[in-house]
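Taking it in order: structure first as structure tokens, then the write-up.
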Amino acid sequence: MSFLRLSSCAFRRSCRFISCKSCGIELQSNNPDGLGYCKKPKPFVKTHDSKDSIEKLKYLMFTQELQQKKSEIGVLDPDVDDDYQLSTPKRLTCKRCIEALSHNKYNTESFPVHYFENIKGALPHIANVYHIVSLADFPFTLNKTAFMKKENINYLLLSKADQITYKSAILPHKGSAFFAEFCKRHIGVPVKKVVLFSSVRKWNIPSILNSLAKRCFLLGNPNVGKTSLINSLLKERLDSFQAQVDKQGNVIGPHKGIQNIKTIRDRINFNKGGVSHIPNFTQAIQTYVIDDKIVNDLPGYTIGPSETVDLSKLIEKENLDDIRKTSKFKIDKLIKKRYVSLKGSKNGKCLSFGGIFHLVPPESTINQVVNYIPVMEHEFSNVEKAISVSEEVLKNANHPLKKYFCLKHPYSDIKMFDRHVIPPFQGTVEIVIKDIGYFQVKPTGKYSFNGLYEIWVPKGIKVCIREPLAKLISTSYDKYIESKVPTDLCPDRPLVSDTYIMDHNEPDTLSKMKEMYMEKTKSDNLARRLHQADASELLKEIHNPPLNLYWYYKW
């Protein structure tokens, strides 16, 4: 790899430093309360003392499984783990990461938010930028701002594809063609290549490897799967490695000790990045050499403070961990689509999801609700009742409905919730809760417009809706195959929409929605559709393709 070879003089001028294997921050051993603190590893000393040998044998017998698990996630503490005294080289991990990954002890202040304005400074003037976007959270994790620098070459990598479909066959051609056209038509940003993938299922990883430029940068929101992708690529090319860099970001070579690693598994564990469900876990750029290409994994970014809601202050820690862990997603639900039946009532019957948010369907509608979020649902007579029960649960740890609630105090007051009114839809719709997940709603029976759906969510959490992605991708591609018209790859109607946050007591939500829609689109006349028509007349009958009246999303 000629691009990695430095002259001896250049090598001496380069300022080496050791970074944390998990979060990438520079390590130090002087200040226990400072960032990157890590105790120096103990030197390996051979001994033939019988007592020591017996203790070592006990250690191997009773803690081997624990040590193996910790080794697999890259968590090794030189102060307590004897693995550091074994001959196989190990990478160091800072105290903060050890406590978070090994002991599940962390707080959000330990992993601060990175804003886009700061992260973009790490990109060179002209860069190959690979935007990682979660399909489970789409469209929230697709930020138009990040695409706007004209000098950059933009790629789009859509992660967590196994959370929208169990059929990997739709990914290579159908999904890529759909989203390439979607970006051009609906967002106005061209992308050189689109790849849908799943690190968990190992879907389409070779396609990403083939798309990598000689030097590239992975950019995306926290928890979209950047580091998981890196680890999948490292397994795809076993001669790849996590690189040691100097203060200027120049690649020096692999980390010390890699030449002594004998097994494939140990080599992968030595090189791979730290993966966690904790947001903002990666705190510094991590550089890898994969298939002779330099890949820079940037910390997850947030566009601005208004985009940030600290879910740890809203949701109980154990439940929040379940929501954030990709492994908790049940692909079986995509196959069998087990649903909860929910009938709308005059009093506003609702389906509560872990007490976090509450879906209220229109009166007399019968709905099939498929929940892909790892929280339990429970039906209540109305939102007020659901929230009052939440307060009772908080006061009584033995409450019979305890398992259905995971919100913290003070979200036991309806004033702490926003009333999101969903624009009219026909057929099935997916409702996306930012940083939490999505669920599907399908009205059944003969169509009639009975009013608008609502979802009540703690203030600050964003909600949007979309047409079901997997079906949309397949039907659009099939239409294109028949017509050979490129525009058929992606419909020109709005496919995603913001919700409309209204006053708790607003009685005429449809009229209010039109008023809000006109205000939202006043400087975007091209986005206005059917605004002059009578909404009540339009909604009397079903339309094919869907009408999507008042659907609008601000990119």
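Values in this text are rule-based calculations from the coordinates and carry no lab data. Model, not experiment: these values are computed from the prediction. Virtual Cβ from ideal backbone geometry, glycine too; neighbours counted across all protein chains shown.
Would you mind checking which residues have amide H under 5 Å from Ile153's amide H? H placed 1.01 Å from N; only 5 or more apart, or other chain.
Here the answer is Ala127, Asn128, Val129, since their amide H atoms fall under 5 Å of that of Ile153.
Divide the volume of the convex hull of the Cα atoms of region 485-547 by its number of residues and quote the answer in cubic angstrom per residue.
That works out to 119 Å³ per residue.
Residue by residue, what Karplus-based ³J(HN,Hα) values in Hz, rounded to whole numbers, does region 431-441 have, using 6.51, -1.76 and 1.60 with θ = phi - 60° and x for Gly and Pro?
9, 10, 9, 4, 6, 10, x, 9, 9, 10, 10
May I ask you to compute the full-extension gain from Ser211 to Ile126, defined as 0.36 nm times their residue separation minus their alpha-carbon distance, rounded to one decimal in nm?
28.9 nm is the gain from fully extending Ser211 to Ile126.
For Glu318 paired with Asn260, estimate the spin-label separation in nm (one decimal), with each label point 7 Å from Cα along the Cα-to-Cβ line.
So the label points at Glu318 and Asn260 sit 4.3 nm apart.
Convert each backbone phi in region 149-161 into a coupling constant with the Karplus relation 6.51 cos²θ - 1.76 cosθ + 1.60 (shift: θ = phi - 60°), then list the ³J(HN,Hα) values in order as whole Hz, x for Gly and Pro.
Taking θ as phi minus 60°, the curve returns 6, 5, 6, 6, 9, 9, 10, 10, 10, 9, 8, 6, 5 Hz for region 149-161.
What does the extension gain come out to for Glu392 and Asp478, with contour length at 0.36 nm per residue minus their alpha carbon separation?
So the chain would gain 25.8 nm between Glu392 and Asp478.
Can you list the residues, at least 5 places off or on another chain, whose amide H is less than 5 Å from the amide H of Thr302, using H built in the peptide plane?
For Thr302, the qualifying residues are His114, Tyr115, Phe116.
Which residues' amide hydrogens lie under 5 Å from the amide hydrogen of Gln28, considering only partners 5 or more residues apart or on another chain, with H built in the peptide plane?
Those lying under 5 Å, H to H, from Gln28 are Tyr37, Cys38.
Taking only C-alpha pairs under 8 Å that are 6+ residues apart, what is the relative contact order of the chain in percent?
This gives 13 percent for the chain.
Between 0 and 90 degrees, rounded to the nearest ten: what's the tilt of helix 469-483 against the longest Cα principal axis of the chain?
Once rounded, the angle reads 80 degrees.
How compact is the chain by the rule of thumb for globular proteins, expressed as Cα Rg over 2.2 N^0.38 Å?
Relative to the rule-of-thumb radius for its length, the chain sits at 1.06.
For region 106-213, with equal point scatterers placed on the C-alpha atoms only and solvent neglected, what are the log10 I(q)/I(0) values from the Debye formula at q = 0.13 1/Å, to two decimals?
-0.53
Hey, what number do you get for the chain at 222 nm if only DSSP H runs of n ≥ 4 count, each worth -39500 (n - 2.57), divided across all residues, to the nearest 500?
-7000 deg cm²/dmol
How large is ³J(HN,Hα), in whole Hz, for each residue of region 357-371 in order, when computed from phi with the Karplus curve 6.51 cos²θ - 1.76 cosθ + 1.60 and θ = phi - 60°, using x for Gly and Pro?
With the stated coefficients, region 357-371 comes to 9, 9, 8, 10, x, x, 4, 6, 7, 10, 10, 9, 10, 9, 9 Hz.
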